[in-house]
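Worksheet for the structure shown next.
The values are calculated or read from the model by the stated rules, or taken from the named source; none is laboratory data. Since this is a predicted model, take the numbers as computed values, not measurements. A quick note on method: Cβ atoms are made from the backbone with ideal geometry, for glycine too, and the neighbour counts reach across all protein chains shown.
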Amino acid sequence: AQSVTQPDIHITVSEGASLELRCNYSYGATPYLFWYVQSPGQGLQLLLKYFSGDTLVQGIKGFEAEFKRSQSSFNLRKPSVHWSDAAEYFCAVAVATSGTYKYIFGTGTRLKVLA
Amino acid sequence: DSGVTQTPKHLITATGQRVTLRCSPRSGDLSVYWYQQSLDQGLQFLIQYYNGEERAKGNILERFSAQQFPDLHSELNLSSLELGDSALYFCASSRGDGADTQYFGPGTRLTVL
């Protein structure tokens, strides 16, 4: 069955430190992969997506993610974290089903940033 | 602001009651998706509509139903409410019904007492 795993429920980093959030997926076909961010009390906002081509994708707010097919991973990175990055981050895969696509989300990683 | 609007923002009701959540997609988007987010279940896909027709179903209970109207807004109806239905309900929209970017609304927080 298709699934998305985010192994880290909580991550705490200091402001200015680098960040990597892990995401592994299970899907037999070519994956369409996404990272979303959810600030407290808000809806989800797309950070970046991978459909095809260059395996290193750039997103908004200085985030990037690298697709590694051999590892079934799509990890999110940021070289220097800002206090405003504190939020919950969701990885998702779009899977083909009955002529359309549906998203499967990971359980999320909550990021805390220390001043 | 994603361009997706949801009303109401908060809803408090009692067990056994029925409520309707409303979603207006971004201008030009034909697909509407409904999700339920709870602490124990995470973000769960419920159902998708594309241009008025149901396209995909996820973990939607039989007590729940949805529809998309000719003007493309959508409503999610929840009936015979139980305490466990308390959650954030998100609507998202996308241009087509492929693996398009989904734009999420701010959500409706439902509390069942």
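Residues that are touching a residue at least 60 places away in the same chain (Cβ under 8 Å) and farther than 19 Å from A:Ile104 by Cβ: find the strands (runs of 3 or more DSSP E) completely inside chain B holding 2 or more of those.
Once the strands (runs of 3 or more DSSP E) in chain B are filtered for at least 2 residues that are touching a residue at least 60 places away in the same chain (Cβ under 8 Å) and farther than 19 Å from A:Ile104 by Cβ, what remains is B:5-7, B:10-13, B:19-24, B:108-112.
Checked across the range B:42-60, the condition of being β-branched (Val, Ile, Thr) and away from chain A (no Cβ under 11 Å) holds for at least one residue.
As a summary of the residue check, B:Gln41 satisfies the conditions (1) modelled with pLDDT of 95 or more; (2) surrounded by fewer than 17 Cβ atoms within 10 Å (Cβ to Cβ) except for the one numbered (1).
Considering only the range A:97-115, state which residues are outside any strand (DSSP E or B) and away from every other protein chain (no Cβ under 14 Å). If the condition is that a residue be outside any strand (DSSP E or B) and away from every other protein chain (no Cβ under 14 Å), then A:Ala115 is the only one that fits.
Among the candidates B:Leu88, B:Leu21, the residue that is of a type outside the set (Gly, Ala, Ser), under 18 Å from A:Gln45 (Cβ atoms) and touching a strand residue (DSSP E or B) at 6+ places or on another chain (Cβ under 8 Å) is uniquely B:Leu88.
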